[in-house]
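Worksheet: the structure to be examined is printed underneath.
The values are calculated or read from the model by the stated rules, or taken from the named source; none is laboratory data. Only a predicted model underlies this, so the values are computations on that prediction, with no experimental measurement involved. Cβ: placed from backbone, ideal geometry, glycine included. Neighbour counts: every protein chain shown. Ligands, DNA and RNA are excluded from the accessible area calculation, which covers all protein heavy atoms including side chains. Shrake-Rupley method; radii C 1.70, N 1.55, O 1.52, S 1.80 Å.
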Amino acid sequence: MSDRSGGVEETKGDTGLHDLYRAYSGWLTARLRKRFGDETEDLAQEAWVRATPYSRRGVIRHPKALLMSIVENLAIDRARRRSPQSLSPADWTAPQTSAEPASQADLVLLKQIVFGMPPRLREVFVLSRFVHLEYQEISERLGIPVTTVQWRMIKALEYCAAQLRL
């Protein structure tokens, strides 16, 4: 599915992301490990989740550039969350909302997908995506190896992608 120029083309449905993952997951992980160390796995998984909409649009001409741009944005977001900021009392009570809140239909779909997951996958997915725990923290909390957390997260994301394709 990939050519010498580095582009990956979608053949049917969402197979483009799967092919992209097979072609570039090792490269991305190795590249991130050098720069981000312990945060590598979390950043890589989030990058693949955020690459999903691009793969649905068709051809991704420069997959390495896209993945690294996504990772750079994720790293900037994480740095902003970690930096101490002085908050006014208004900030304490006013929740931050995105420009476009999710519709009720989107929220219902999300709940259906999450509740439909096998329990072990759901547990890891919820702790990672909604409680915002790192893989190491999830591993310690559940008493399972980090590699098991990674495997379950991959399977949970595959489950989500499959449900969204229906």
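Cβ separations smaller than 7 Å between residues 6+ apart or across chains give the following pairs from the range 110-131 residues that are open to solvent by less than 60 Å² (accessible area, probe 1.4 Å) to residues that are assigned to a helix (DSSP H, G or I) and of a type in the set (Ser, Thr, Tyr): MET117/TYR159; LEU121/TYR159.
Working only within the range 134-166, note down all residues that are part of a loop (DSSP other than H, G, I, E, B) and closer than 18 Å to ARG50 by Cα. The answer is GLU134, and nothing else.
The number of residues in the range 153-166 being open to solvent by less than 30 Å² (accessible area, probe 1.4 Å) and either acidic (Asp, Glu) or under 13 Å from ARG120 (Cβ atoms) (or both) comes to 2. For the range 59-95, the set of residues classified as modelled with pLDDT under 70 and under 23 Å from LEU157 (Cα atoms) consists of VAL59 only.
So is LEU28 within 18 Å of ALA161 (Cα to Cα), open to solvent by less than 30 Å² (accessible area, probe 1.4 Å) and not in a loop (DSSP other than H, G, I, E, B) or not?
Values: within 18 Å of ALA161 (Cα to Cα): no; open to solvent by less than 30 Å² (accessible area, probe 1.4 Å): yes; not in a loop (DSSP other than H, G, I, E, B): yes.
Here the answer is no, as LEU28 does not meet what is asked.
Taking residues in the range 149-166 that are of a type in the set (Phe, Trp, Tyr), and partners anywhere that are in a helix (DSSP H, G or I) and open to solvent by 90 Å² or more (accessible area, probe 1.4 Å), not one pair has Cβ atoms closer than 6 Å while being at least 6 places apart or on different chains. Name the residue, out of LYS34, LYS12, that is of a type in the set (Lys, Arg) and either at pLDDT 75 or above or open to solvent by less than 70 Å² (accessible area, probe 1.4 Å) (or both). Being of a type in the set (Lys, Arg) and either at pLDDT 75 or above or open to solvent by less than 70 Å² (accessible area, probe 1.4 Å) (or both) holds for just one of LYS34, LYS12, which is LYS34.
Taking the options LEU74, LEU43, name whichever one is among the hydrophobic types (A, V, I, L, M, F, W, C), closer than 19 Å to TRP151 by Cα and part of a helix (DSSP H, G or I).
Testing whether each residue is among the hydrophobic types (A, V, I, L, M, F, W, C), closer than 19 Å to TRP151 by Cα and part of a helix (DSSP H, G or I) leaves just LEU43.
Of note, GLN136 does not satisfy the criterion of being open to solvent by 50 Å² or more (accessible area, probe 1.4 Å), of a type outside the set (Phe, Trp, Tyr), more than 17 Å from THR40 (Cα to Cα) and in contact with a helix residue (DSSP H, G or I) (Cβ under 8 Å, 6 or more places away or on another chain). All conditions but one from (1) within 22 Å of MET153 (Cβ to Cβ); (2) of a type in the set (Gly, Ala, Ser); (3) modelled with pLDDT under 80 apply to ALA23; the one that does not is (3).
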